[in-house]
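In what follows, a single structure is set out as structure tokens and then discussed.
The values are calculated or read from the model by the stated rules, or taken from the named source; none is laboratory data. None of these values were measured; they are calculated from a predicted model. Every residue, glycine among them, receives a Cβ derived from its backbone with ideal geometry; neighbour counts consider all protein chains shown. Surface areas here come from the heavy atoms of the whole protein model, side chains and all, with no ligands, DNA or RNA. Shrake-Rupley method; radii C 1.70, N 1.55, O 1.52, S 1.80 Å.
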Amino acid sequence: MAQKKTKAKANISGDELLKYYREMLLIRRFEEKAGQLYGMGQIGGFCHLYIGQEAVVVGLEAAAKEGDSRLTSYRDHAHMLACGMDPNGVMAELTGRRDGLSKGKGGSMHMFSKEKRFYGGHGIVAAQVPIGAGLALANKYKGEDTVSFTYFGDGAANQGQVYESFNMAALWKLPVIFVVENNQYAMGTSLQRAASTPDFYTRGEAFGITGASVDGMDVLAVKAAGELAVAHCRAGNGPYVLEVKTYRYRGHSMSDPAKYRTREEVQKVKDNQDPIDMIKEMLLQGDHASADDLKGIDKEIKKTVQASADFAIASPEPDINELYTDILV
Amino acid sequence: MAIQILMPALSPTMEEGTLAKWLVKEGDTVESGQVLAEIETDKATMEFEAIDDGVVGKLLVSEGSENVAVNTPIAVIFEDGEDSESAVIADAPATVEESQPSKAAPQPAIVAAPISMEDVPEGTTFTSTTVREALRDAMAEEMRSNENVFLMGEEVAEYQGAYKVSQGLLDEFGAKRVIDTPITEHGFAGIAVGAAFGGLNPIVEFMTFNFAMQAMDQIINSAAKTLYMSGGQMGAPMVFRGPNGAASRVGAQHSQCYAAWYAHIPGLKVVMPYSAADAKGLLKSAIRDPNPVIFLENEMLYGRSFDVPDIDDFTVPIGKAKVWREGEDVTLVSFGIGMQYALEAAEKLAEEGISAEVVDLRSIRPIDYDTVIASVKKTNRCVTIEEGFPVASIGNHLSAIIMERAFDYLDAPVINCTGKDVPMPYAANLEKLALITTAEVISAVKTVTYR
Ligand SMILES: Cc1ncc(C[n+]2csc(CCOP(=O)(O)OP(=O)(O)O)c2C)c(N)n1
Ligand SMILES: [Mg+2]
């Protein structure tokens, strides 16, 4: 169970690059629009944007297959878009309307889709981790060869229930990929100030869990690392810890004083490591697309996103009788 | 097309803010994601980013402008190829008019109730203080006078508190006594219990009490029960504090009142202040108390100002209720944020000729039964008001006590006004319905007074 750093780049077609480009851009434009709607008072409460982290979920979804399950924290919009959930339904949940994925009752942090096997949308830091292991238990129990993608943050990685889950997942050889989305900050606390050891991919070692770390700004590397992890799990070898190093451009939620890191630090990542720019470069340099093609794609995506915003604002508030429904079946 | 940039709402409760600084000037090219301005609210300074590419056409609000209302146009951005002369600036209204969501639950106006300050000497002067400052002052005073008092929790030090309650404490007391923890509630609550066994007086801040559920076992099984289990040899002289109850639009997992949960546990003291004076005086008493004290605050009250007496070392005893308003016809019993509904209802009822006595429990373990019973014996009617769920509520418990101790004095059954028996919904209209309202309190009073 040697700990290894993964840095693989597969030979990749223009079509595939374009697919990732579109998927990541959809997330970015969607999140920008959500931020704007928040500023206009259309979205309330918390709203945690995924801008900067797009390559993580797009890369890992590229390694998933039909039937795999996934769940994450409150920073969940992108995970839903990436597994094919309807942007209109997500946006209408953000505005708290009846056409939202949870009928407006869940909000930004709490959405689900049985069809896409997306199990939330969890507001309590790390509470999704044992649940993700439990999904893997169900997969294994039913004799499926599906895996559970269990996403959590660098801050969440210090919660005790993560290690309880590691132990049981290893003990029972559960097909779960523990994906640590290490964006280096938990609210205003940098990883260095919260973690006694910074290498999250080694944290399963004591339980006998294989781990790897990957550059999460590179969608191709993420996909390749995801494929290794998935193969490990599907082969019946038990859990896998995948640390994905990424960066959040925006504040933790909408109201963030931004005092815990410098503006220069953020700018440097945007300038040098942006996951979307990287694929854009590859598309242009490999002659897979022209600048005009890419502009066209952007326009089209902006249209999809604007349509989701219009939909989310036009949708009526939930019927007041919904207050008392869905408490018990 | 010219794009109007509107003053953004950066928190659910923000209505206006200061445009502290422009980071771009007219004529600058901007990209989506670029920081345009710094905006200040009462809680923090925040960065505001562009979401479109273009050129800054006009800055409509100058740097340093205060009280800029949310949704006021503050700048105009021109998209590729436009020039500022040809673009129409004035009539690009905010596009979102249709089907506006209901506003978040309205805040009842602060009611100028006659405050009975029975516990302060005559001639005392007062300073208007927010609940947030009062809590900070209480901690600072106790930390100055007792070296063994320290604060730990998530974001309490460098970030100055997630809700800015610990503002300035790191500067004054240093990192040894103001400790940032990782997000590990069960672990750090247990560490604090151990530190208390070891002779220190920890104040544990939970970012909100929703997250204290992660730490429940240490609070109840370790902190609350050890004194008893050790035959009185050792206990946990400490405070667990933080915001409790619903904030605004934060959904089911972040909007719950835990008052009744903790009130259930022998071995704990539980307080839930409403005013800034009580917040300060009770927190100081809690820190000095040799027992574990659960101190329930409320995010919606943090920014509210109240008069706090200018008394050195002002404390409020735990376990003593306060009569905010005297009355003859009905007793309203509440605590914490419930008090705003009780006071507002009393004010409105007075206009209709119904005189309500308003009792603020302040402490919910121990409860000052005597004050409640004395009031009910006078008014013969009682309505309780709290934000928590209806089943096994504090109101249920009070009803039982009133029945035991004042049955013959009651002219009507006691009514408990509570939050609805549902997880907190996110949608604005449903959230409003889930919370308790002043109208519900008034209607309950009319029922018990047969009006
Ligand atoms: C148990 C618990 N404690 C505290 C919080 C408040 N909180 C919400 S998100 C967060 C930071 C989490 O950081 P990380 O796990 O790194 O995820 P990221 O936000 O970076 O995606 C905190 C402290 C919470 N929701 N739940
Ligand atoms: Mg993080």
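Would you point out which residue out of A:GLU264, A:GLU281 is more than 23 Å from the chain's Cα centre (by Cα), of a type outside the set (Lys, Arg), within 14 Å of chain B (Cβ to nearest Cβ) and in a helix (DSSP H, G or I)? Exactly one of A:GLU264, A:GLU281 is more than 23 Å from the chain's Cα centre (by Cα), of a type outside the set (Lys, Arg), within 14 Å of chain B (Cβ to nearest Cβ) and in a helix (DSSP H, G or I), namely A:GLU264.
Checking each residue in region B:259-315 for being in a loop (DSSP other than H, G, I, E, B) and either among the charged types (D, E, K, R) or closer than 14 Å to B:ILE203 by Cα (or both) picks out B:ASP289, B:PRO290, B:ASN291, B:PRO292, B:ARG304, B:ASP310, B:ASP312, B:ASP313. The condition of being away from chain A (no Cβ under 14 Å) and of a type in the set (A, V, I, L, M, F, W, C) holds for only one of B:ILE436, B:ILE401, that being B:ILE401. Only helices (runs of 4 or more DSSP H) whose full extent lies in region A:15-115 are considered here, and none of them has at least 3 residues that are among the hydrophobic types (A, V, I, L, M, F, W, C) and at the interface with chain B (Cβ under 8 Å from one of its Cβ atoms). Selection over region B:197-216 of residues that are touching a strand residue (DSSP E or B) at 6+ places or on another chain (Cβ under 7 Å), open to solvent by less than 10 Å² (accessible area, probe 1.4 Å) and not in a strand (DSSP E or B) gives a count of 4. The number of residues in region A:153-169 being open to solvent by less than 40 Å² (accessible area, probe 1.4 Å) and of a type in the set (Asp, Glu) comes to 1. The residues of region A:157-184 that are within 11 Å of chain B (Cβ to nearest Cβ) and either part of a strand (DSSP E or B) or β-branched (Val, Ile, Thr) (or both) amount to a single one, A:VAL162.
For region B:370-392, a residue qualifies if it is touching a residue at least 60 places away in the same chain (Cβ under 8 Å) and either open to solvent by less than 10 Å² (accessible area, probe 1.4 Å) or within 24 Å of B:ALA434 (Cβ to Cβ) (or both), and the qualifying residues are B:CYS382, B:VAL383, B:GLU386, B:GLU387, B:GLY388, B:PHE389, B:ALA392. A:TYR151 meets the conditions (1) within 14 Å of chain B (Cβ to nearest Cβ); (2) of a type in the set (Ser, Thr, Tyr); (3) within 13 Å of ligand 1 (Cβ to nearest atom) in every case but one. The failed one is (1). For region B:396-411, the criterion of a residue being closer than 27 Å to A:ILE43 by Cβ and either in the same structural domain as B:GLN253 (by TED's automatic domain parsing) or at pLDDT 95 or above (or both) is satisfied by no position. Looking across A:ALA235, A:ALA258, A:ALA312, A:ALA229, one residue alone is away from chain B (no Cβ under 14 Å) and surrounded by 18 or more Cβ atoms within 10 Å (Cβ to Cβ). It is A:ALA229.
Only one of the listed residues (B:GLY174, B:GLY194, B:GLY187, B:GLY123) is without any contact (Cβ under 8 Å) to a residue 40 or more places away in the chain, at positive phi, open to solvent by 30 Å² or more (accessible area, probe 1.4 Å) and not acidic (Asp, Glu). That residue is B:GLY123. Any residue that is in a helix (DSSP H, G or I), open to solvent by less than 40 Å² (accessible area, probe 1.4 Å) and away from ligand 2 (no atom under 16 Å from the Cβ) - is there at least one of those in region A:204-215? No - not one qualifying residue is present in region A:204-215.
Looking across region B:37-73, the residues that are part of a loop (DSSP other than H, G, I, E, B), more than 14 Å from every other protein chain (Cβ to nearest Cβ) and open to solvent by 30 Å² or more (accessible area, probe 1.4 Å) come down to B:LEU60, B:SER62, B:GLU63, B:GLY64. Consider A:THR210 carefully, then state whether it is modelled with pLDDT of 95 or more, in contact with a Phe, Trp or Tyr (Cβ under 8 Å, 6 or more places away or on another chain) and among the polar types (S, T, N, Q). Spelling it out, A:THR210 is indeed modelled with pLDDT of 95 or more, in contact with a Phe, Trp or Tyr (Cβ under 8 Å, 6 or more places away or on another chain) and among the polar types (S, T, N, Q). In the set (1) closer than 25 Å to B:LEU433 by Cβ; (2) under 17 Å from the mean Cα position of the chain (by Cα); (3) among the aliphatic types (A, V, I, L, M), B:ALA279 fails one condition alone, (1). Can you say whether B:THR226 is surrounded by 22 or more Cβ atoms within 10 Å (Cβ to Cβ), β-branched (Val, Ile, Thr) and closer than 30 Å to B:PHE389 by Cβ, as far as the supplied structure shows? In short, no. Among residues of region B:216-247 being under 26 Å from A:TYR324 (Cα atoms) and at pLDDT 95 or above, the one that is nearest to the other protein chains (Cβ to nearest Cβ) is B:ALA246. Annotation: of all residues in region B:1-31 being charged (D, E, K, R) and either over 23 Å from the mean Cα position of the chain (by Cα) or not assigned by TED's automatic domain parsing to the domain that holds B:ALA50 (or both), the one that is farthest from B:GLY64 (Cα to Cα) is B:GLU31. The set of residues in region B:217-235 being assigned to a helix (DSSP H, G or I) and either without any contact (Cβ under 8 Å) to a residue 24 or more places away in the chain or near ligand 1 (Cβ under 9 Å from one of its atoms) (or both) consists of B:ASN221, B:MET229. Being closer than 23 Å to A:ALA194 by Cα, within 13 Å of ligand 1 (Cβ to nearest atom) and buried (at least 21 other Cβ atoms within 10 Å of the Cβ): is that true of B:PHE240 here? Judged against the criteria, B:PHE240 is not a match.
Condition check: within 15 Å of ligand 1 (Cβ to nearest atom) and either under 21 Å from the mean Cα position of the chain (by Cα) or touching a residue at least 40 places away in the same chain (Cβ under 8 Å) (or both). Does A:ALA156 satisfy that? For A:ALA156, the condition - within 15 Å of ligand 1 (Cβ to nearest atom) and either under 21 Å from the mean Cα position of the chain (by Cα) or touching a residue at least 40 places away in the same chain (Cβ under 8 Å) (or both) - is met. With respect to the conditions (1) within 16 Å of ligand 1 (Cβ to nearest atom); (2) in contact (Cβ under 8 Å) with a residue 12 or more places away in the chain; (3) assigned to a helix (DSSP H, G or I), A:ALA229 falls short on a single one, namely (1). Inspect all residues belonging to region A:62-81 and state whether any of them is among the β-branched types (Val, Ile, Thr) and either within 16 Å of ligand 2 (Cβ to nearest atom) or open to solvent by 10 Å² or more (accessible area, probe 1.4 Å) (or both). Yes; the residues of region A:62-81 include at least one that is among the β-branched types (Val, Ile, Thr) and either within 16 Å of ligand 2 (Cβ to nearest atom) or open to solvent by 10 Å² or more (accessible area, probe 1.4 Å) (or both).
A:TYR240 meets each of the listed conditions (1) within 11 Å of chain B (Cβ to nearest Cβ); (2) aromatic (Phe, Trp, Tyr); (3) touching a residue at least 60 places away in the same chain (Cβ under 8 Å) apart from (1).
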